[in-house]
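Just below is one structure, and these are the notes that go with it.
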Amino acid sequence: MEIRSCLPKLLLAHHKTLPYFIRNKLCKVIVDIGRQDWPMFYHDFFTNILQLIQSPVTTPLGLIMLKTTSEELACPREDLSVARKEELRKLLLDQVQTVLGLLTGILETVWDKHSVTAATPPPSPTSGESGDLLSNLLQSPSSAKLLNQPIPILDVESEYICSLALECLAHLFSWIPLSASITPSLLTTIFHFARFGCDIRARKMASVNGSSQNCVSGQERGRLGVLAMSCINELMSKNCVPMEFEEYLLRMFQQTFYLLQKITKDNNAHTVKSRLEELDERSEVVQGLRLLLLRSQEQEKSYIEKFTDFLRLFVSVHLRRIESYSQFPVVEFLTLLFKYTFHQPTHEGYFSCLDIWTLFLDYLTSKIKSRLGDKEAVLNRYEDALVLLLTEVLNRIQFRYNQAQLEELDDETLDDDQQTEWQRYLRQSLEVVAKVMELLPTHAFSTLFPVLQDNLEVYLGLQQFIVTSGSGHRLNITAENDCRRLHCSLRDLSSLLQAVGRLAEYFIGDVFAARFNDALTVVERLVKVTLYGSQIKLYNIETAVPSVLKPDLIDVHAQSLAALQAYSHWLAQYCSEVHRQNTQQFVTLISTTMDAITPLISTKVQDKLLLSACHLLVSLATTVRPVFLISIPAVQKVFNRITDASALRLVDKAQVLVCRALSNILLLPWPNLPENEQQWPVRSINHASLISALSRDYRNLKPSAVAPQRKMPLDDTKLIIHQTLSVLEDIVENISGESTKSRQICYQSLQESVQVSLALFPAFIHQSDVTDEMLSFFLTLFRGLRVQMGVPFTEQIIQTFLNMFTREQLAESILHEGSTGCRVVEKFLKILQVVVQEPGQVFKPFLPSIIALCMEQVYPIIAERPSPDVKAELFELLFRTLHHNWRYFFKSTVLASVQRGITEEQMENEPQFSAIMQAFGQSFLQPDIHLFKQNLFYLETLNTKQKLYHKKIFRTAMLFQFVNVLLQVLVHKSHDLLQEEIGIAIYNMASVDFDGFFAAFLPEFLTSCDGVDANQKSVLGRNFKMDRDLPSFTQNVHRLVNDLRYYRLCNDSLPPGTVKL
């Protein structure tokens, strides 16, 4: 009591002389006392704060106390019981109206006091122009007039008080509900202060005056604007808006867009961009370390960032609500947003604005889909804005219009998404282009294609500048200015090719016929460009600036191939439309494309270009599948090159892609042709010879290849295994979802290689890198071709693996061979996952061996290891074993159920079931949150599908052990991110036997809890209400956990020997 009365007196007496950090700490201690004692033992706690705020001498101190109170009482930490937390929130909500009234009064008083003394500047020559748009945004002329008043120049103390008041408001708005307490006058006042952030003239005047008077700097005034925008954004972020508050929202938007108009208003003295640059200045640069210590990082966000946050919230949360108001001019808002976007001073700011446009375009697309009847009316309303947006975004990705900015972008360093800054810039821009294309296809195409055509003319015209020199061909463009212009044109062409490729999806499906001519024009141009690049070998040409122009030429060539690949679905649809006529036009397109691809499949071509060509070849073979593809001479040439043993092998990735394409040409059924016209016998023979050529060296390997007296060096053997299996695995993976006939032919061709692999496997069991590749191959076989392999051979493979993976071998792999060894075991477990999921009785005999391997060999090795390696795969295997083989454990027949009149199944293999469940229970005691989440999901799935929690063995022997473990996890806060999932799981388990939970488990759980006394346990038990619905039950669980932690915290803080009453 003494402390409670003396601390406020101490603070009052010395608050002006104390260092700010001691003063703040003292405020925190007083608030902490209030948090425990108000109102019962400290009845004047909040009254004192209100008195401090009302007295001019102590207003700053009162505001600091108020903000601390809001932070500590409205959002308290766990050192309070749930009942106390609820009581405090209710007490604070009772005070909200008074507090908001006081804060409004403080801000209005400061504003009015300084407005009187503010010198009125002469009228601006451009002030008349604010007319039309402003009167649209602000219905009442008085509002516009009010907001046009000059901004007052504050002294230091007033600025400090206002910033404290705005900080208080921002925190209050973060937790109080939207209600009538937030009055129009308060909102208007906040907007007055938001103007501090965007009125540069006033900030400059303050900077000038600040040197001679006791005035704050322009930077400090800007900070008031940032704080005011923080308040506005707190209100904006609330999605649940009461009907009576919607009018306030409309008023807020009108006032904010007045600010947006001020920010984007362009006149000769001040361009929009330089205005935004000034508003974007960071406080920390000017104010230094002192401000960094004083202010939170959130407040350091620039005014422009805060304003962008507001616009994002407006479009994502409130646009659908506000657009219906006739008083709100959405098109004018888009005009302002357009200016704001394209005058951003930083790339990050521009990215953020593009995100806002993406949100708007998504909103518009979903609105049109839900109201197809109004489609034309909606599009007509927004058409001009969308076309303007499209044109400007396209201009922004072109060096012709935006060279200075684009050259600043980094095109080397990869970010977390594995893309450079330039790639991100281009991708985000093209997404906006694509979304506009979806809404306005004709406009978008007619805007983009002429620009592409212009740049193509430059590229196709390079042929005339190629001259023959001693060492080959050279591009005879040497003047520095010409080289620079060519560089810009090539970069633009590369970007525009990507744009054209991105739009391919809007020419297929229902609109194929309607947009056929446009698409054909594009595809013909792309085919021409790719052939041109391959024929004159621009990728090998000498240039005056090889470090710049050569990569440009390679990139354009690669992008033209990639753009053409994007149209493979259009070509496939074209193919199906013309398959009966087999029109020459389509045949020419495909043949010419192959003529462009073939010269590039060579070891002499740069990887970027080679891979683009390979990907296009795969798309032709897989997506388009023309019948005549195999007979094109260029394709025959590729077949010969790949099967020629003397030819140099391509880089791994390219070799895999080309082999996939050739295999798919022979294996995939031709579209729109009956089975008897598919020519399977001929294709089967050709496929067998292709695979035979690809696996020639591999099939000659013998198990002795790893022995000491081997003929070939081990590294060479490993290389052959790697090169062959990577190709074969890819072929199988890509055929796995196809027709039975395709898979049959594939397995016939592969059969010998598969048998060689099985024979080699035991010889390489101690070479984990080779075992890893072999198991990858077998895993792909099991997933795609297990039916074709047949039961006897599949059984032989499984038995071989089970024999090879002894406990010693598993321990060696997991404990001593690092990540590769763990990968080997994980792949082995994945193969077993495929086996246990197989329906029917074929593989059931393996179940005992598989469960024994899991529980007796793998699990003991990994159970106590902190590393997550292997665990996820092991538990997935156990889950699949249970899920797909439930009757292995629970025999159930309809007849037995009817005869007994109950649904209780007969239990078999009980020890194995109990061991699996115990392993799941143990995993919940481990720190790995991903494993915890996965296993909780598996248990819940088994309960949903198989009623796991209702089974007698689980209900009687395991149920409350699991509930106990999950409750302990919540109490220890070790997996806090999964609070919700754990609460639901506890409910699902308890709901099996609510009576047992309330009558037996809960008292037993509380009795076993240490760190709390008998009285506290009794309170905890009484507070857990016997609700049986999910929301109430989980709320009670979290209340129990919170209060248990609170009691333990209180008891731990008591000095030893304390007598508890």
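Based on this model, can you work out whether D411 counts as open to solvent by 40 Å² or more (accessible area, probe 1.4 Å) and either among the β-branched types (V, I, T) or touching a residue at least 60 places away in the same chain (Cβ under 8 Å) (or both)?
Considered against the rule, which asks whether it is open to solvent by 40 Å² or more (accessible area, probe 1.4 Å) and either among the β-branched types (V, I, T) or touching a residue at least 60 places away in the same chain (Cβ under 8 Å) (or both), D411 comes out as no.
Just checking, which of V1037, V1041, V1012 is crowded, with 18+ Cβ neighbours inside 10 Å and not in a helix (DSSP H, G or I)?
Details: V1037 fails: not in a helix (DSSP H, G or I); V1041 fails: not in a helix (DSSP H, G or I).
Step by step, each of V1037, V1041, V1012 is checked, and only V1012 is crowded, with 18+ Cβ neighbours inside 10 Å and not in a helix (DSSP H, G or I).
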ask   = Of all the residues that make up the stretch 960-993, how many are farther than 25 Å from P927 by Cβ and open to solvent by 20 Å² or more (accessible area, probe 1.4 Å)?
value = 3
query = Which of (1) touching a Gly at 6+ places or on another chain (Cβ under 7 Å); (2) in contact (Cβ under 8 Å) with a residue 60 or more places away in the chain does R1045 not meet, given it meets every other one?
reply = (1)
remark   = Residue pairs qualifying under the 9 Å Cβ cut-off, at least six apart or on distinct chains, with the first in the stretch 618-637 being farther than 16 Å from C659 by Cβ and the second being open to solvent by less than 10 Å² (accessible area, probe 1.4 Å) and part of a loop (DSSP other than H, G, I, E, B), are R625/L668; I632/P626
task = Select from the stretch 418-463 the residues that are among the acidic types (D, E) and closer than 28 Å to L372 by Cα and list them in ascending order.
result = E431, E438
ask   = Which ones in the stretch 648-682 are open to solvent by less than 10 Å² (accessible area, probe 1.4 Å) and in a loop (DSSP other than H, G, I, E, B)?
value = L650, L668, Q678
query = For the stretch 629-647, which residues satisfy the criterion of being within 24 Å of N672 (Cα to Cα), under 43 Å from the mean Cα position of the chain (by Cα) and open to solvent by 10 Å² or more (accessible area, probe 1.4 Å)?
reply = I630
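Identify the residue in the stretch 312-325 that is in a helix (DSSP H, G or I) and more than 21 Å from the chain's Cα centre (by Cα) and, among all such residues, is surrounded by the fewest Cβ atoms within 10 Å (Cβ to Cβ).
At the first step, the residues of the stretch 312-325 found to be in a helix (DSSP H, G or I) are 312-322.
Cutting the leftovers down to more than 21 Å from the chain's Cα centre (by Cα) gives us 314, 318-322.
On the way: F314: 24, H318: 19, L319: 19, R320: 12, R321: 16, I322: 19.
By that ranking, first place goes to R320.
Each row is one residue, and each column tells you yes or no for (1) among the polar types (S, T, N, Q); (2) in contact (Cβ under 8 Å) with a residue 24 or more places away in the chain; (3) over 22 Å from H615 (Cβ atoms).
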position	(1), (2), (3)
S469	yes, yes, yes
R502	no, yes, no
A519	no, yes, no
L549	no, yes, yes
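What helices (runs of 4 or more DSSP H), lying completely within the stretch 735-813, carry at least 3 residues that are modelled with pLDDT of 90 or more? Full working, then the answer.
Numbers: elements: 740-760, 768-789, 791-804, 807-811.
Helices (runs of 4 or more DSSP H) meeting the threshold: 740-760, 768-789, 791-804.
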request  = Mind telling me which of the residues P8, P39 ends up being open to solvent by 30 Å² or more (accessible area, probe 1.4 Å) and either within 25 Å of N1023 (Cα to Cα) or of a type in the set (A, V, I, L, M, F, W, C) (or both)?
outcome  = P39
message = I need a count of the residues in the stretch 11-28 that are loosely packed, with under 14 Cβ neighbours inside 10 Å and either of a type in the set (V, I, T) or over 22 Å from E71 (Cα atoms) (or both).
response = 5
query = From L694, L725, which residue is at pLDDT 95 or above, out of contact with any strand residue (DSSP E or B) (no Cβ under 9 Å at 6 or more places or on another chain) and in the same structural domain as L750 (by the TED database)?
reply = L725
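Residue by residue through the stretch 356-388, note down the ones that are among the acidic types (D, E) and buried (at least 17 other Cβ atoms within 10 Å of the Cβ).
none
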inquiry  = For a quick check of your reading of the model, give me the residue pairs whose first member lies in the stretch 681-699 and is among the small types (G, A, S), whose second is part of a helix (DSSP H, G or I), with beta-carbon atoms closer than 6 Å and at least 6 apart or on different chains.
reply    = S684/I745; A688/S749; A693/T643; S695/T724; S695/S753
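The values are calculated or read from the model by the stated rules, or taken from the named source; none is laboratory data. Remember, predicted model here, so these are calculated numbers, not experimental data. Please note: Cβ atoms are built from the backbone with ideal geometry, for glycine as well, and neighbour counts cover all protein chains shown. Remember, those area values only see protein heavy atoms, side chains included, never the ligands or the DNA or RNA. Shrake-Rupley method; radii C 1.70, N 1.55, O 1.52, S 1.80 Å.
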